[in-house]
Amino acid sequence: MTGRGEVARILGEGPAAARRSLAADAAAPPEALYYLMGDADAGVRAAVAANPATPAQSFAVLATDAEATVRGALARRLAAIAPGLAAPQTDRLAHMAWTALARLAADAVEEIAATIAEAVKDIPAAPRDLVLALAHDPRAAVAAPVLRLSPLLTEEDLLGLVAAPPVAATLTAIARRPAISEAVAEALVHTGDEIAIGALLGNGTAAIRESTIDALVVQAAERTAWQEPLVRRPALPPRAAMALAGFVAEELLATLAARTDLPRELQAHLRACVARRLAGEARP
């Protein structure tokens, strides 16, 4: 630890390198870190932001620093501690941290906002308004983590986002959420977004009505990107499997025929279809 006399000298007349070293010192006095938070050198301020000893009372100022390097350093530091933070209403220091996290989540620099989104994506104690703000962000890299994983987004939230997505990528991110309800799945299908529907079909935990699967199978004859996720979809209805066998390529037909969760009669039919294809016979 640097002695108090040396600290005073560095603060008063020390070169930038010495000030940066002091700003990065986890044993530096809190008052020194407060002082260095206003240093003219952005490298010094970034070191203060990254220092785990910097008091939480400094977060609000650092989160609004003019230099992205400083805000980025604070974002990385807060992202590291976010999983262990209490709910903001239960702890004063946690409140300061969450307030700064919310400010950084709205940062104009996408990398900074995305750092926060990645950190809070699956934290149950995160403030709901922070998660909602991230979910509605038009930058896909910022919104996607919480859209895919946040437990704080309700079915009503998801339906609202599907009805009025900030960007098309919003739909695809929602389609990849675990355990999507039938209502959300149906809303995604009704958008007609080919990429999002393909992601939904590839999501084995999504609840999709059998009638909806049947309708998508019909469209899959033309929308070839849907064929593989349909062929590999868990609990594929036999009627859908039979329909797919009529138009998918040989490789996917072989995959379909290799499924052991279909009725035996259908498995035999599919194997016969594979044999006919290999023999060069026309598709039925």
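Of note:
- Here A28 fulfils each of the conditions (1) in a loop (DSSP other than H, G, I, E, B); (2) surrounded by fewer than 17 Cβ atoms within 10 Å (Cβ to Cβ) apart from (2).
- Scanning region 77-97 for residues that are part of a helix (DSSP H, G or I) and surrounded by 16 or more Cβ atoms within 10 Å (Cβ to Cβ) gives R77, L78, A79, A82, A94, H95, M96, A97.
- Output for region 98-119, where each listed residue is closer than 18 Å to S150 by Cβ and either assigned to a helix (DSSP H, G or I) or touching a Gly at 6+ places or on another chain (Cβ under 8 Å) (or both): W98, L101, A102, L104, A105, A113, A114, T115, I116, A117, E118, A119
- Every residue from region 190-214 that is exposed (fewer than 15 other Cβ atoms within 10 Å of the Cβ) and either at positive phi or not hydrophobic (A, V, I, L, M, F, W, C) (or both): H190, G192, E194, G204, T205, R209, E210, S211, D214
- Put simply, of A206, A199, A173, A225 the only residue that is in a loop (DSSP other than H, G, I, E, B), under 30 Å from P138 (Cβ atoms) and of a type in the set (A, V, I, L, M, F, W, C) is A206.
- Number of residues in region 238-268 that are within 18 Å of G280 (Cα to Cα) and assigned to a loop (DSSP other than H, G, I, E, B) equals 4.
- Candidates are the residues of region 102-117 that are within 14 Å of the chain's Cα centre (by Cα) and surrounded by fewer than 19 Cβ atoms within 10 Å (Cβ to Cβ); the one that is nearest to A79 (Cα to Cα) is E111.
- Selection status of P237, surrounded by 15 or more Cβ atoms within 10 Å (Cβ to Cβ) and within 17 Å of V189 (Cα to Cα): no
Read-outs throughout are calculated quantities, based only on the coordinates presented, and are distinct from any laboratory measurement. Computed from a prediction, not measured in an experiment: that's the story for all the values here. Virtual Cβ from ideal backbone geometry, glycine too; neighbours counted across all protein chains shown.
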